[in-house]
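For reference, the structure is listed below as structure tokens.
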Amino acid sequence: MATALAATNQVAMADLKGKVDPDWCPGCGDFGVLAAVQKALVELQIPNHNVVTISGIGCSSNFPGFINTYGMHTLHGRALAVATGVKLANHDLTVLVTGGDGDGFGIGGNHFVHSMRRNVDLLYIVMDNQIYGLTTGQTSPTSRLGMKTKSMPFGSIEAPVNPISLALAAGATFVARGFSAEQKHLTELIKQGIRHQGFSFLDVFSPCVTYNHDNTYQWFRPRVKKLEDDPGHDPADWMAAMGKSLLWDDEIPIGKFFERTDVPTLHGAEPVLNAGPLAHADTRIPVEVTRSFVEELM
Amino acid sequence: MKQTFAIGIGGAAGQGVATPGDIFAKIFSRRGLHLNAYNAYQSIIRGGHTFLTIRTGPEKVTNMGDRLDLLIPLNQDAMDRHLRLLGAGAACIYNSDTIKPGAAAEGAELCALSVSKLADITRNKVAQNTLAVGAGLSMMGIGFQALEQVLAEQFNKKGDAMVAENIAIARAGYDYATANFRPFARPLPMTTANRYAVLSGNTAMAMGGAAAGVKFYCAYPMSPSTGVLHWMAAHARKAGIMVRQVEDEIGVVNMTIGAAHAGVRSMCATSGGGFALMSEGLGLSAMMETPIVVIDCQRAGPSTGVPTKTEQGDLWQMLGAAFGDYPRAIAAPLDIGDCFKIIPEIFNIADRFQCPGIVLCDLLLSEGRLSVDPKDLDFAPVVDRGELITTASSGPNGDGVYKRYKITESGISPRAIPGVAGYTHTAASDEHDEDGVLISDEFTNPTKRRAMMEKRMRKVAGIEAAVPPPVLWGPPDADVTLIGWGSTKGVIEEACEILTEQGISANQLQIRWLVPLQGDAILDILKGARHTMIVENNYSGQFARYLRSETSFVPDGYIRKYDGEPFMPHHIVEAVKEQLSGKSTLSVPVHEILV
């Protein structure tokens with residue numbers, strides 16, 4: 001998503017520290033995501049009052065409280081809908097949406113698909129731990145087939161959703177995957193996602209050290225391969241991105257799968273916003289216009 | 001009794017019932033006449049039966065009335081359903097090529113038009129409609145010129161030839177009627193003093209939103225609320241309003257909240273089923289203290305119910321929407337003009353008290369149409385955004401000083417919108433402290449929770465003080481007091497007039513603000529009442545139960561209707577008489593018109 005830069009070099013890590021420290025479990029992948037977001041905002045020098053961090057509900061959705069920007073901690077699954085309203089009311093704001101896999105792909109699946117096809121200009125970071133953490137360990141939409149959890153003690157018999165393929169199919173204009181243990185790489189993807197004009201989807205492997213004993217740091221480390229290291233990878237090639245998105249098990253690509261910049265953003269496509277953000281608009285409609293509204297009825 | 005004239009046009013959906021209705025409405029309103037229109041229809045795009053009633057007169061016409069003066073059946077079905085309801089002095093204009101008249105009451109005139117002889121039906125498929133309009137206007141004593149002008153506007157886009165053809169057909173009907181049919185006994189008067197706007201409640205609420213400064217509107221289509229979306233979408237660019245159609249009502253309410261949080265007045269509309277999906281969002285609005293306005297256009301429920309029929313059955317859903325206790329305002333517009341006025345009013349309440357405002361409308365008003373004095377459509381109403389911080393200098397300085405949910409005596413905490421330097425904070429759906437920090441998990445603390453709960457709920461007293469108490473209409477000392485809420489205002493008013501003419505004095509207490517209810521003021525009004533009856537469009541007496549729960553007030557009787565159609569004045573008049581004679585305490589009038 002696009003953004004306004006600070007006039008001077010004034011945004012420091014300390015400015016972005018939240019009012020309380022995160023209450024995530026020690027070792028939780030979400031710490032790495034928080035740090036990467038803060039680093040990205042510092043590197044991009046975006047003043048914190050121009051950023052709105054919006055989440056749903058879940059462990060990772062407590063994120064807005066741990067970063068000093070404008071924040072909204074909304075309903076389970078509804079962050080993207082709220083964020084769309086924020087962006088359309090004031091498109092000068094940098095909108096970050098943060099949440100988990102259950103929040104985004106389960107209860108919020110409908111908004112996920114529609115926000116992507118609308119190309120709402122925001123960065124959506126999913127801290128994907130393939131489990132429900134805050135409710136103490138149930139199967140999530142990205143839990144692998146056969147995974148045993150409290151809600152599916154004999155193993156999941158449902159195929160998981162593939163967030164990358166889904167995002168590509170739904171028309172997301174920036175699709176990437178990160179790993180919270182790959183800080184520099186993740187920070188770079190967040191920066192690109194913020195800069196991208198349109199819907200940026202960033203799925204981040206963010207291991208749950210308490211409830212997911214399958215998809216651990218140790219499990220991911222040998223498998224993740226950076227797309228940036230593959231000289232043959234062309235992020236403009238949608239078909240190739242779709243192909244890469246299907247890779248799993250032995251080799252799991254991380255990095256930018258796909259980006260296109262030729263699709264208008266939702267706010268850019270609506271002439272009502274040409275005069276500037278509605279949050280600063282004059283609420284009174286010119287008298288000659290309101291008179292015409294009444295004349296139509298006579 | 002005041003002079004009114006009612007026309008009923010019936011036919012299958014797709015036969016063009018609406019167009020003659022629009023033509024009559026324009027002609028009447030331009031003549032300085034008031035009018036009220038109600039279309040009884042079915043959830044079908046082609047076929048079925050739809051019946052439009054347009055009632056006009058020199059004084060305010062508040063409802064569809066009890067009788068028809070002119071029936072225009074466009075098919076046999078409409079003739080069969082409605083002819084028997086015509087009384088002496090009424091007339092029925094019909095196409096004698098295709099429709100057989102039934103037995104009309106004595107004194108009711110059957111006016112046969114042979115459409116194939118008067119017009120070229122191979123060219124014009126709706127010739128019977130246009131002929132009937134012409135014939136009807138002749139019998140009403142209205143000059144042809146008025147019709148000519150409206151037809152020219154109506155068919156302007158289709159070219160001069162089309163205009164000329166339709167005017168010629170109308171003229172043929174007009175002249176045929178002048179030569180062959182008996183004119184109505186009382187010609188409709190004409191005043192040049194007034195010209196009225198004719199609009200639906202949905203248009204009125206949409207325009208009321210525009211007047212209130214709404215800059216964000218979104219919706220998922222749902223009858224009978226969709227008209228609000230249609231007006232908003234058609235006028236969005238002129239009015240500078242961002243209008244979106246969203247994937248579902250859950251998305252709608254949350255998008256509305258997002259836009260409101262960013263600082264613009266935001267509104268959405270739906271019907272009962274969509275509102276059910278919005279319920280959790282109402283709680284979010286209350287907890288984050290983000291003001292939104294949600295319109296619920298009630299239709300007959302439960303579930304998908306009867307999508308095209310009216311009811312006042314959502315009251316308890318509104319009262320119970322979302323879990324937990326929170327301040328909210330709920331208002332029911334009393335007529336279509338009030339649909340406009342109520343929107344800026346409830347936005348001021350929502351903004352000042354940073355809570356959700358609900359407008360409880362219904363199909364009768366949403367899709368009905370009324371003549372409204374353009375002066376009553378005030379696009380410069382009082383706008384009170386409440387304690388809103390929109391620039392870095394417009395409030396107490398931030399940087400550690402600003403507390404979004406500061407505990408105050410009024411319960412209202414100044415609200416900073418994103419983008420203002422020095423006021424960053426988190427608005428949370430979880431319980432939080434003054435500073436917006438979540439206290440639902442590890443920081444939970446009963447003292448903090450209690451303080452925040454009490455802070456929010458203190459706003460209730462402020463809302464109560466900001467809302468006017470209801471007033472009693474009519475003579476203070478009446479034989480009977482009729483209590484209603486929202487859209488039944490007009491029909492109860494006319495029932496009171498009829499009762500008074502018949503020797504039973506009646507007055508009316510119509511409730512507009514449901515929350516806050518102003519129970520003490522209501523009890524004060526009702527303590528002197530001789531015989532009280534609560535009139536409402538639902539099965540269980542939702543308002544009666546609510547009034548009792550809030551005030552312990554129990555009326556002497558109840559008049560209820562839940563067949564999907566609105567009350568007609570005689571339904572209430574007869575029920576009052578029945579109850580005054582001691583025959584019953586619960587009347588459920590039968591809707592005689594089969595629609």
- Test residue B:504 against the stated conditions and say whether it is in contact (Cβ under 8 Å) with a residue 60 or more places away in the chain and in contact with a Pro (Cβ under 6 Å, 6 or more places away or on another chain). no
- Note on the structure: Listed by range, strands (runs of 3 or more DSSP E) wholly within the range B:1-97 having at least 2 residues that are more than 21 Å from residue B:182 (Cβ to Cβ) are B:5-13, B:34-40, B:47-57
- Query: Do any helices (runs of 4 or more DSSP H) entirely within the range A:182-290 hold 2 or more residues that are within 14 Å of chain B (Cβ to nearest Cβ), and if so, which?
  - Reply: A:266-269
- Item | Leading residue by the ranking (farthest from residue B:486 (Cα to Cα)) among those in the range B:292-323 that are under 15 Å from the mean Cα position of the chain (by Cα) and small (Gly, Ala, Ser) | B:300
- Residue list for the range A:189-239, filter: in contact (Cβ under 8 Å) with a residue 60 or more places away in the chain and among the acidic types (Asp, Glu): A:203, A:214
- Task: Among the residues of the range B:426-479, count how many are assigned to a helix (DSSP H, G or I), closer than 29 Å to residue A:98 by Cα and either assigned by TED's automatic domain parsing to the domain that holds residue B:532 or among the hydrophobic types (A, V, I, L, M, F, W, C) (or both).
- Result: 2
- Positions within the range A:68-119 being at the interface with chain B (Cβ under 8 Å from one of its Cβ atoms) and of a type in the set (Ser, Thr, Tyr), in sequence order: A:69, A:70, A:74, A:84
- Return the pairs, sorted by first residue and then second, in which the second residue is part of a loop (DSSP other than H, G, I, E, B) and of a type outside the set (Asp, Glu), the first residue lies in the range B:329-345 and is closer than 11 Å to residue B:361 by Cβ and assigned by TED's automatic domain parsing to the domain that holds residue B:283, the beta carbons are less than 7 Å apart, and the residues are 6+ apart or on different chains. B:331/B:512; B:332/B:512; B:334/B:512; B:335/B:62; B:336/B:368; B:339/B:333; B:342/B:333
- Wholly inside the range B:214-288, strands (runs of 3 or more DSSP E) that include 1 or more residues that are more than 7 Å from chain A (Cβ to nearest Cβ) and surrounded by fewer than 24 Cβ atoms within 10 Å (Cβ to Cβ) are B:242-245
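For (1) β-branched (Val, Ile, Thr); (2) buried (at least 23 other Cβ atoms within 10 Å of the Cβ); (3) more than 21 Å from residue B:311 (Cα to Cα); (4) over 18 Å from the mean Cα position of the chain (by Cα), each residue gets a yes or a no:
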residue: B:480; (1), (2), (3), (4): yes, yes, yes, yes
residue: B:506; (1), (2), (3), (4): no, yes, yes, yes
residue: B:535; (1), (2), (3), (4): yes, yes, no, no
residue: B:539; (1), (2), (3), (4): no, no, no, yes
residue: B:552; (1), (2), (3), (4): no, no, yes, yes
residue: B:570; (1), (2), (3), (4): no, no, no, yes
residue: B:580; (1), (2), (3), (4): no, no, yes, yes
residue: B:590; (1), (2), (3), (4): yes, no, no, yes
- Does the range B:525-554 hold any residues that are part of a loop (DSSP other than H, G, I, E, B) and hydrophobic (A, V, I, L, M, F, W, C), and which are they? B:529, B:553, B:554
- Message: Just to be sure before I move on: is residue B:492 assigned to a helix (DSSP H, G or I), among the β-branched types (Val, Ile, Thr) and in contact with a Pro (Cβ under 8 Å, 6 or more places away or on another chain) in the structure I sent?
- Response: no
- Query: Would the range A:160-177 turn up any residue that is surrounded by fewer than 24 Cβ atoms within 10 Å (Cβ to Cβ) and more than 19 Å from residue A:242 (Cβ to Cβ)?
  - Reply: no
- Residue check: is residue B:208 closer than 23 Å to residue B:262 by Cβ, buried (at least 24 other Cβ atoms within 10 Å of the Cβ) and more than 8 Å from chain A (Cβ to nearest Cβ)? yes
- Hey, any hits in the range B:19-29 for a residue that's within 17 Å of residue B:594 (Cα to Cα) and either in contact with a helix residue (DSSP H, G or I) (Cβ under 6 Å, 6 or more places away or on another chain) or not acidic (Asp, Glu) (or both)? no
- Message: I want to confirm something. Restricting to the range A:19-65 and keeping residues that are among the aliphatic types (A, V, I, L, M) and not in a helix (DSSP H, G or I), which single residue is surrounded by the most Cβ atoms within 10 Å (Cβ to Cβ)?
- Response: A:54
- Message: Given the criteria crowded, with 16+ Cβ neighbours inside 10 Å and among the hydroxyl-bearing types (Ser, Thr, Tyr), does residue A:210 qualify?
- Response: yes
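Listed residues B:418, B:414; which is farther than 30 Å from residue A:288 by Cβ, buried (at least 20 other Cβ atoms within 10 Å of the Cβ) and not assigned by TED's automatic domain parsing to the domain that holds residue B:356? Spell out how you get there, then give the answer.
Working: B:414 fails: buried (at least 20 other Cβ atoms within 10 Å of the Cβ).
One residue alone meets the criteria, B:418.
Which of the residues belonging to the range B:312-345 are among the charged types (D, E, K, R) and assigned to a loop (DSSP other than H, G, I, E, B)? If you could, list the steps in order and put the result at the bottom.
Of all residues in the range B:312-345, those among the charged types (D, E, K, R) come to B:314, B:325, B:328, B:335, B:338, B:341, B:345.
Of everything in the range B:312-345, those that are among the charged types (D, E, K, R) and assigned to a loop (DSSP other than H, G, I, E, B) turn out to be B:314, B:325, B:328, B:335.
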- Kindly establish whether residue B:281 is touching a residue at least 12 places away in the same chain (Cβ under 8 Å) and over 30 Å from residue B:541 (Cα atoms). no
- Message: Is it the case, given these coordinates, that residue B:54 is under 26 Å from the mean Cα position of the chain (by Cα), under 21 Å from residue B:565 (Cβ atoms) and touching a residue at least 12 places away in the same chain (Cβ under 8 Å)?
- Response: yes
- Item | Filter pass, residue B:129 being part of a loop (DSSP other than H, G, I, E, B), in the same structural domain as residue B:18 (by TED's automatic domain parsing) and within 27 Å of residue B:152 (Cβ to Cβ) | no
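The values are calculated or read from the model by the stated rules, or taken from the named source; none is laboratory data. Everything numeric here is computed off the predicted structure, so don't read it as measured data. All Cβ positions, even for glycine, are placed from backbone atoms using ideal geometry, and neighbour counts span all protein chains on display.
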